[in-house]
Number of protein chains: 2
Amino acid sequence: MNELSHLKSAGLKSTLPRLKVLSLFESGSERHLSAEDVYKKLLASGDDVGLATVYRVLNQFEQAGLLVKHHFEGDKSVFELNQGDHHDHIVCLQCGRVEEFYDATIEQRQKKAAAERGFELHDHSLYIYANCVKPKCQYRN
Amino acid sequence: MNELSHLKSAGLKSTLPRLKVLSLFESGSERHLSAEDVYKKLLASGDDVGLATVYRVLNQFEQAGLLVKHHFEGDKSVFELNQGDHHDHIVCLQCGRVEEFYDATIEQRQKKAAAERGFELHDHSLYIYANCVKPKCQYRN
DNA sequence: ATTACAAATGAGAATGATTAGCATTAGCAT
DNA sequence: ATGCTAATGCTAATCATTCTCATTTGTAAT
């Protein structure tokens, strides 16, 4: 199951902009990208797509399950490749480093908490805001 | 320690708009309010404050530790009275009902997850998005 | 009480992210 | 090769939130 088939099954035509965006995420240089990030990276590599298109494509990919959208602290949202594995994030408040983690116990207790209060868990978002420890932030100069 | 002393200790003058906003939260009719909500409620009760002021005051109160700000799904943020007890939220995707909960295990595992990855937990945000169970959503018509 | 001044307010402009509208272009099936 | 619909690229529009700045209001000192 490659990119093309993914697009197909989502009822999306395989267009140039879409393929560009997709391969950007698959190249894996950076895992978490905002619409603006994607836009700039594409421009930088000579491919010029409109910003509006980037937004549209990103959202379509999210609907299609190709990408996952996150709202870290701040206003702009970021997207990452959906590799099937659900995970949460730890974000360094200083340098922005992002680590992913998964904790089965947390997941389970969430479901329990919801159930106990008459809810059926549909989804959740957990972000841990922290500071890299030690001398200085690893990603800070 | 009342409202006035709170304002004082935060270095904030006790002005009319600030007292109005504060008492709105303390009246407790609704626990979670957005800037827009506050603005409308004040207008409705004849007190007319500017929207900009509401935003300013809300943020100052957050800095001062009087209120806590949350970003539920969607774009606008909501505030609630800070009563010292940290808790997370479950939000019904259908009707918007919000329940608060606290799970010591979750809290602890978060700290652990952060520590294990070289972070010092500073803060976190956990929102569970769910649906009220049973026949129909309690708050839905 | 009155004064004096910095802090606070209000109204509207400005911002920043994201979306909508629409004419033009490009996949894709015939 | 043709035609039609979806997709793209602009630009303008939204929405929440913040900023600017002239005017007003607490407050502490007279």
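If R0 is taken as 41 Å, the Cβ-Cβ distance between A:LYS69 and B:GLN63 corresponds to a FRET efficiency of 0.90. Under a model in which nothing but the beta-carbon of Lys, Arg (+1) and Asp, Glu (-1) is charged, chain B shows a dipole of about 200 debye around its Cα centre.
Dipole of segment B:3-81 computed with +1 at Lys/Arg Cβ and -1 at Asp/Glu Cβ about the Cα centre; of B:ASN59, B:VAL38, B:PHE79, farthest Cα towards the positive end is B:ASN59. According to the square roots a ≥ b ≥ c of the eigenvalues of the Cα gyration tensor, what is the shape class of segment B:4-83, taking rounded for a/c under 1.5, prolate for a/b larger than b/c otherwise, and oblate for the remainder? Because a/c hits 1.5 or more and a/b fails to exceed b/c, segment B:4-83 counts as oblate.
Pairs A:LYS8/B:LYS134; B:LYS69/B:LYS111; A:LYS69/B:LYS76: which exceed 25 Å Cα-Cα?
Where the Cα-Cα span goes over 25 Å, the pairs concerned are A:LYS8/B:LYS134.
A:GLU120 to A:CYS95: FRET efficiency via 1/(1 + (r/R0)^6), r the Cβ-Cβ distance, R0 51 Å, to the nearest 0.05?
That gives a FRET efficiency of 0.85.
The residues of chain B present an accessible area of 56 Å² per residue when probed at 1.4 Å with all protein chains retained. As a length-normalised measure over Cα pairs under 8 Å and 6 or more apart, the relative contact order of chain A settles at 18 percent. Computed extension gain for B:HIS86 through B:GLU26, at 0.36 nm per residue and net of the alpha carbon distance, reaches 19.8 nm. Taken across both chains, chains B and A shield about 2800 Å² of accessible surface from a 1.4 Å probe.
Here the simple spin-label model places points 7 Å from the Cα toward Cβ, and for B:THR105 and B:SER77 these points are separated by 3.2 nm. Quick check on chain A: take the gyration tensor over C-alpha atoms, sort the square-rooted eigenvalues as a ≥ b ≥ c, and tell me if it's rounded (a/c under 1.5), prolate or oblate. It is oblate, given that a/c is not under 1.5 and a/b is not larger than b/c. What shape does segment B:88-130 have by the C-alpha gyration tensor, where a ≥ b ≥ c are the square roots of the eigenvalues, rounded means a/c under 1.5, and otherwise prolate means a/b greater than b/c and oblate the rest? Here segment B:88-130 falls in the prolate category.
The values are calculated or read from the model by the stated rules, or taken from the named source; none is laboratory data. All values reported here derive from a predicted model rather than from experimental measurement. In this analysis, Cβ positions are derived from the backbone assuming ideal geometry, glycine residues included, and neighbour counts consider all displayed protein chains. In case anyone asks, the SASA skips ligands and DNA or RNA and just uses the protein heavy atoms, side chains included. Shrake-Rupley method; radii C 1.70, N 1.55, O 1.52, S 1.80 Å.
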